[in-house]
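What follows is one structure encoded as structure tokens, with my remarks underneath.
The values are calculated or read from the model by the stated rules, or taken from the named source; none is laboratory data. Keep in mind that this is a model prediction, so the values were computed, not measured. With ideal geometry, Cβ positions are generated from the backbone for all residues, glycine too; neighbour counts draw on all protein chains shown.
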Amino acid sequence: MCSGPSVHPRRLEPDVSLFRSPRPDPLNPRRPVLPVLTLLLAVVVAACGGGATPRPTLPPDATGSLLPPATATPPASASPSAAAAAFPVTITGDDGVALSLKAAPRKIVSLTPAETEVLFALDAGAQVVGKVEDPADYPPEAKAVPILGTFAGVDVEKIVGAGADLVLAGGNGGTPQDAIDKLRSVGVPVLVVYAPDVKGVLKDIALTGTATGHTAEATQLVASMQAGFDQVAAATAGVPKPRVFYETGDQPAIYGIADQSVYAEMISLAGATPITTGSATNWEMPVEKLVAADPELIILGDSAYGTTAAAVAKRPGWAGLTAVKAHAIKPIDDIVVTRPGPRLVDGLRLLVAAIHPEVVLPSLAPAPSGG
């Protein structure tokens, strides 16, 4: 992806990148790093690389429901015997590559922060022997897991040395393809996941559950997340749809959200009209286009990196924007909003709180937590 004329400085899931020409750090647009081959996901924190081109995402259906309604009570956690009975299993990753697992993996390496969160949420934390660096350090239990991928790249030798019998990698450039190829060439099973939309996030959680022997836990988590999304859809039905600009970076240019991206989908689900760049691959927001769109609310996804409402209001040409005149400029926890993992519903609720503070959301049932 890094071949595009302009790329997004952050991504739904910043990842380990291959080194090429300097780009903004996906976690800190002010710090140059080297970009990934293809796309943000958002939200690593684990890896390096400038934002890569996100694949177009599909909008939710007209009802706001992300999956067909659940028809049965989610099953309880699987017993060891039930997990064993699920293997051998053959699954296909989001890159179209199938892999066969003879038994439940005992040593898993996660190469995206989102997958690390998923594994712990599925009670598979004890199986995780390596991960990518995550400045968010979530969940806290994952802090003790050895880091085998950083902003400098993926350490294939250490992954092999750790005895990994399953590696979960990020697709669409989230994990360098050469690292994936090297791991596969020495017989390490690699499952590649890449969620182009919210439904894809839920699908990948289910896929991870199947691959790790935690199918029942994954089913329960997906059902819980579906219910959370449907709660929000019901609560925001019929609300006004303010024009919202979600800023993802301000150096070296102003960056927003691409057309048909997960960011745009989340903002729509939260009850707003997203102002996008006009391109599905270019995240740079032309100021002229932004002024013409005249956002009623500006959300600062880059607030954690020093961008403030006061600084935004002082930008040349921004004083006439409705959001600036109304002092409607709000920071947000971008990682929670955009990381494609178990906390995505929490991120959607943060968006609703920022866009529609008048909307009272029902309490959210706690999602399964891993040990």
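Key figures for this structure:
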item: Unmet requirement for residue 326, which otherwise passes all of (1) more than 16 Å from residue 255 (Cβ to Cβ); (2) within 21 Å of the chain's Cα centre (by Cα); (3) among the hydrophobic types (A, V, I, L, M, F, W, C); result: (2)
item: Qualifying position, being modelled with pLDDT under 95, of a type in the set (Phe, Trp, Tyr) and crowded, with 24+ Cβ neighbours inside 10 Å, among 255, 263, 246; result: 263
item: Positions within the stretch 214-267 being among the polar types (S, T, N, Q) and either on the phi > 0 side of the Ramachandran plot or more than 17 Å from the chain's Cα centre (by Cα) (or both), in sequence order; result: 215, 219, 220, 224, 231, 236, 251, 260
item: Test: residue in the stretch 109-121 that is at pLDDT below 95 and assigned to a strand (DSSP E or B); result: no
item: Among the residues listed as 164, 216, 169, 211, the single one being among the small types (Gly, Ala, Ser), closer than 23 Å to residue 102 by Cα and part of a strand (DSSP E or B); result: 169
item: Odd one out for residue 225, checked against (1) in contact with a helix residue (DSSP H, G or I) (Cβ under 7 Å, 6 or more places away or on another chain); (2) surrounded by fewer than 21 Cβ atoms within 10 Å (Cβ to Cβ); (3) not hydroxyl-bearing (Ser, Thr, Tyr); result: (2)
item: Helices (runs of 4 or more DSSP H) within the stretch 278-365 that include 2 or more residues in contact with a helix residue (DSSP H, G or I) (Cβ under 9 Å, 6 or more places away or on another chain) and of a type in the set (Lys, Arg); result: none
item: Yes/no for residue 90 being in the same structural domain as residue 222 (by TED's automatic domain parsing) and either surrounded by 24 or more Cβ atoms within 10 Å (Cβ to Cβ) or modelled with pLDDT under 95 (or both); result: no
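For (1) outside the structural domain of residue 333 (by TED's automatic domain parsing); (2) within 30 Å of residue 306 (Cβ to Cβ), each residue gets a yes or a no:
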site	(1), (2)
198	yes, yes
216	yes, no
227	yes, no
257	no, yes
273	no, yes
278	no, yes
